[in-house]
Amino acid sequence: MYKIVLALTFISISLLGDSQVRVKSLDPEMMKDKVLYINDYNPDDPIIARWVRKGKDSKLSAAQEYASLWKTVMEESSWDATPYEIKSFDKKKMIKSKDPQALLLTLYSKATSCGNNSYVYNYYASVIMTGPKKKVIATALINDLEWWDRGDLRLIVNMLSNSLDEAIDVYDEEKGSKFSAARAGQKQVLVDFMDNAGDKTFLVVRSAMRDEQLQDLLNDSNTKAGKKKRIQKRHNRAVGKDDDVELALSNSWRLCDYQMVYTDELMEFRDALSPDHFFWINIEINTCSPLSFGANRNHLFSTDGDKVLAAFAGKGKMKPATIDNIQKKLANRHERFKKQIAKK
């Protein structure tokens, strides 16, 4: 399924070129009368047409299943900046048309040459305004998120919505505006959450697998002894990392209760749309150098619909500095948004 999604998505790469740019300020007036277009299953797509000719039924079925996810994802997401429409269209023609009403949601990759014919790849989502002049109005780094997964697609759309909010906030600050009513609903989400933050639980995902999963791997008669040793060593390192994270949390986390969970436990809270929990995801940009500064993108999401509570660049490890930064970001956002809403 992953390869199918990549194949379909790569169609947009050649059309967009190097569209990973820092999103600049956005006048909320520019969003009037806009419609967000999301590409549906398109039988006229060259890749789809080739699969039809070759009878690749499993690939066609997977592509249709992926396209059908978008309706559910958009209904569950926090996107409310514009109406949206899921339909088949040609991205190249849409961009060339300079349609003043069209916004395009795109998923794509960008390759960076490291020399010696080696490359690193980063994956992005963007919202592009096609006219009167092409402009990237929202962007999100989405490395390690699974584009074909309903939950991760919802995260991606919500990250784009938050990116749009940030662009509008920059415009307001540049123009000296006291408050933009255009994104009041998104600001209210954070205010309501933080007003009751003491009753929430912060979920941090463990690096280590469950003991029963480890034992299943170690007891597999088809796995060689050398590989079992490597599995055990990786697990031991992950356990040590989890212990360090829990120690850092116990020393520095003050906002509310916290809980170390496994990935499947986090998914249970997300699937239940729990209003009482939130979680942290770090997304790291891939570079040619092992040393990169400020390249990590941290996100805090509510388990109630994966709404973005905060997003910021910073360290990618859950250490005391990161823990302090998370709490400060939430507190500062809460104070600023609450003042803005009160003055509305």
The residue that is modelled with the highest pLDDT, considering only those in segment 27-51 that are exposed (fewer than 14 other Cβ atoms within 10 Å of the Cβ) and in a helix (DSSP H, G or I), is E29
A238 meets each of (1) over 25 Å from T72 (Cβ atoms); (2) loosely packed, with under 13 Cβ neighbours inside 10 Å with one exception, condition (2)
Among the residues of segment 36-95, which ones are in contact with a strand residue (DSSP E or B) (Cβ under 8 Å, 6 or more places away or on another chain) and under 23 Å from D304 (Cβ atoms)? L36, W70, K71, M74, S78, W79, A81, T82, Y84
List the number of the failed condition for D169; all other conditions in (1) without any contact (Cβ under 8 Å) to a residue 24 or more places away in the chain; (2) surrounded by fewer than 17 Cβ atoms within 10 Å (Cβ to Cβ); (3) not hydrophobic (A, V, I, L, M, F, W, C) hold. (2)
Close pairs from segment 215-240: first farther than 21 Å from M260 by Cβ, partner of a type in the set (D, E, K, R), Cβ under 6 Å, at least 6 apart: L218/K228
Mind checking which residues of segment 216-229 are part of a helix (DSSP H, G or I) and surrounded by 11 or more Cβ atoms within 10 Å (Cβ to Cβ)? D216, L217, L218, K227, K228, K229
Take A184 and tell me if it is within 30 Å of E75 (Cβ to Cβ), aliphatic (A, V, I, L, M) and out of contact with any Asp or Glu (no Cβ under 9 Å at 6 or more places or on another chain). yes
List, please: which pairs have Cβ atoms under 9 Å, are six or more places apart or on different chains, and start with a residue in segment 104-123 that is within 20 Å of L145 (Cα to Cα) and end with one that is acidic (D, E) and modelled with pLDDT under 90? K110/D18; Y123/D144
Can you find a residue in segment 261-278 that is outside any loop (DSSP other than H, G, I, E, B), touching a residue at least 24 places away in the same chain (Cβ under 8 Å) and under 30 Å from Y171 (Cβ atoms)? yes
If you go through segment 200-208 one residue at a time, do you hit one that is of a type in the set (S, T, Y), touching a residue at least 40 places away in the same chain (Cβ under 8 Å), out of contact with any Cys (no Cβ under 6 Å at 6 or more places or on another chain) and part of a helix (DSSP H, G or I)? no
Residue under question is T130, and the condition is that it be of a type in the set (S, T, N, Q), under 25 Å from I95 (Cα atoms), under 22 Å from the mean Cα position of the chain (by Cα) and surrounded by 19 or more Cβ atoms within 10 Å (Cβ to Cβ); does it hold? no
Report the residue count in segment 324-344 for those that are over 20 Å from the mean Cα position of the chain (by Cα) and touching a residue at least 12 places away in the same chain (Cβ under 8 Å). 10
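The values are calculated or read from the model by the stated rules, or taken from the named source; none is laboratory data. In this text, all values refer to a predicted model and were calculated from it rather than measured experimentally. Note that we place each Cβ from the backbone using ideal geometry, even for glycine, and neighbour counts take in every protein chain shown.
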